[in-house]
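Below is one structure; the comments refer to it alone.
Bear in mind that the values in this text are calculations on the coordinates, not laboratory data. Computed from a predicted structure; not experimentally measured. Please note: Cβ atoms are built from the backbone with ideal geometry, for glycine as well, and neighbour counts cover all protein chains shown.
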Amino acid sequence: MSKDQAVAFVVDDDPSMRRSLDSLLRSVGLDVRLFASAQEFMQAARPDAPGCLVLDVRLPGMSGLTFQQELVKAGEALPIIFLTGHGDVPMTVRAMKAGAAEFLTKPFDDQVLLDAIHAAIERDRARRRDAAGLAEVQGCYRTLTPREREVMKLVVAGRVNKQIAAELGLSLVTVKVHRGQVMRKMLARSVAELVRMADRLGVAGTA
């Protein structure tokens, strides 16, 4: 499947609900994966694609809320939309505080669910784009030599070439060469862009 095609993972122990959700979500072009329990979901291979998890609160074995906690601990960022026939305010608050995208009570309006799913998928798409961008910046940073990293840190701290030369005990020409290499390897079109990259990497210098 295409990496751009979104996937909705449905975890619900009610076969009729799974069939209903499968039909609804496929009708709007989503790829749907159905599971009867949290354990079944965890054991399945998942495609590398944007998506969301439509999760029933009451499940056999591990409950939906406990499963959410386990996913958070594991660093899993898939947005979760909870469905329940037995919701209450404390339960909703707990789920939302833990990062749930939405909490809907059965019976729910189909369009409300679809809107929530599309919003969650867009959120996941944005997260994936951000992660891919950071990975690219990290890859560029790894190509820098130790000296180039020192120069980069001073450049983003606002030092001019003469100051960098004095602080590192280098000639002005050498600093210019290192600075040029930093900009080329980091694919930075300006110092401002280099500053943003350094901030994402957590290597910003001090002014």
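Determine by what factor the alpha-carbon radius of gyration of segment 49-171 differs from 2.2 N^0.38 Å, reporting the quotient. Show your work: numbers first, answer last.
Working: Rg = 23.1 Å, N = 123, 2.2 N^0.38 = 13.7 Å.
Here the Cα radius of gyration is 1.69 times the empirical estimate.
Tell me, what ³J(HN,Hα) does each residue in segment 104-110 have, in order and in whole Hz, if you take phi through Karplus 6.51 cos²θ - 1.76 cosθ + 1.60 with θ = phi - 60° and put x for Gly and Pro?
Going residue by residue, I get 10, 9, 6, x, 10, 6, 3 Hz, with x marking Gly and Pro.
Whole-Hz ³J(HN,Hα) for each residue in segment 168-182, computed from phi via Karplus 6.51 cos²θ - 1.76 cosθ + 1.60 with θ = phi - 60°, x for glycine and proline: what do you get?
9, x, 10, 6, 4, 4, 5, 4, 4, 5, 4, 4, x, 5, 4
Apply 1/(1 + (r/R0)^6) to the Cβ-Cβ distance of GLU70 and SER27, taking R0 = 35 Å, and write down the FRET efficiency to the nearest 0.05.
It comes to 0.65.
How high is the FRET efficiency between THR174 and ARG196 when r is their beta carbon distance and R₀ equals 35 Å, given to the nearest 0.05?
0.85
Taking amide H atoms as placed 1.01 Å from N in the peptide plane, list the residues 5 or more away in sequence, or in a different chain, whose amide H sits under 5 Å from that of PHE103.
PHE82
If you average 1/r over all unlike Cα pairs in segment 111-196 and invert the result, what Kirkwood radius do you get in angstrom? Numbers along the way, then the final one.
Working: mean 1/r = 0.0668 Å⁻¹.
One over the average 1/r among Cα pairs gives 15.0 Å for segment 111-196.
Running Debye on segment 103-148 with equal point scatterers at the Cα sites and no solvent, what base-10 log of I(q)/I(0) appears at q = 0.19, 0.20, 0.23, 0.24 Å⁻¹?
Normalising to I(0) and taking log10 leaves -0.69, -0.73, -0.81, -0.83.
Can you give the net charge of the other residues whose Cβ lies under 13 Å from the Cβ of LEU134, counting K and R as +1 and D and E as -1? It would help to have the intermediate numbers written out before the result.
Working: positive: ARG127, ARG128, ARG129, ARG142, ARG196, ARG200; negative: ASP130, GLU136, ASP199.
Net charge around LEU134: +3.
With no solvent and one equal point scatterer per Cα, compute the Debye intensity ratio I(q)/I(0) for segment 1-88 at 0.15, 0.18, 0.24 Å⁻¹ and report its log10, rounded to two decimals.
Each listed q maps to, in turn, -0.53, -0.77, -1.33.
Rg to Rh for the chain: what is it, with Cα atoms only and Rh by Kirkwood? Mind showing how you got there, number by number?
Values: Rg = 23.9 Å, Rh = 20.1 Å.
My calculation puts Rg/Rh at 1.19.
Would you work out the relative contact order for segment 143-201, in percent, from Cα pairs under 8 angstrom that are 6 or more residues apart?
About 39 percent, as a whole number.
For the chain, what relative contact order do you get, as a whole percent, if you take Cα pairs closer than 8 Å and at least 6 residues apart? Let's see the in-between values first.
Working: 264 pairs, mean separation 31.8, N = 207.
Relative contact order comes out at 15 percent.
Against the longest principal axis of the chain, how steep is helix 15-26, in degrees 0 to 90 to the nearest 10, with axes from Cα atoms?
50
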